[in-house]
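The next block holds one structure in the form of structure tokens; read it before the comments.
The values are calculated or read from the model by the stated rules, or taken from the named source; none is laboratory data. As the structure is a computational prediction, the values presented were derived from the model and not from experiment. We place every Cβ from the backbone using ideal geometry, glycine too, and count neighbours over all the protein chains shown.
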């Protein structure tokens, strides 16, 4: 078994401010938007899985209203939750990084 070296979290307050300025990517609500980090991994996008005590890099944050952010964490299967809403969270995060 190979253990992976934990990478330091990439913090980007400017990007988080940008994310919070956008409407919720699920419902469009724009008053309680939070920066919701994608925790699950996607090797094809160079996104490692993030453990429970580990926060993902800020570049993997998306705009969600408070209600949908709580839903995202409570659902259990994050990828399935995004799929239920018809979104690819990785593609959206990449697009938002290039659009700021």
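Considering the stretch 78-95 alone, what residues qualify as being loosely packed, with under 13 Cβ neighbours inside 10 Å and either modelled with pLDDT under 90 or outside any loop (DSSP other than H, G, I, E, B) (or both)? So that I can check it myself, show each step before the final result.
Initial filter on the stretch 78-95 (loosely packed, with under 13 Cβ neighbours inside 10 Å): 80, 83-84, 86, 91, 95.
Matches in the stretch 78-95: 80, 83, 84, 91, 95.
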For the list (1) modelled with pLDDT of 95 or more; (2) surrounded by fewer than 18 Cβ atoms within 10 Å (Cβ to Cβ), I need the number of the one condition that residue 62 fails. (2)
When residues of the stretch 10-20 are filtered for being surrounded by 15 or more Cβ atoms within 10 Å (Cβ to Cβ) and in a loop (DSSP other than H, G, I, E, B), how many remain? 1
Checked the stretch 70-83 for anything over 14 Å from the mean Cα position of the chain (by Cα) and under 19 Å from residue 34 (Cβ atoms); matches are 74, 75
Looking only at residues in the stretch 21-58 that are modelled with pLDDT of 80 or more and more than 18 Å from residue 73 (Cα to Cα), which one is surrounded by the most Cβ atoms within 10 Å (Cβ to Cβ)? 22
Selection from the stretch 65-74 of residues within 24 Å of residue 97 (Cβ to Cβ) and modelled with pLDDT of 90 or more yields 65, 66, 68, 69, 71, 72
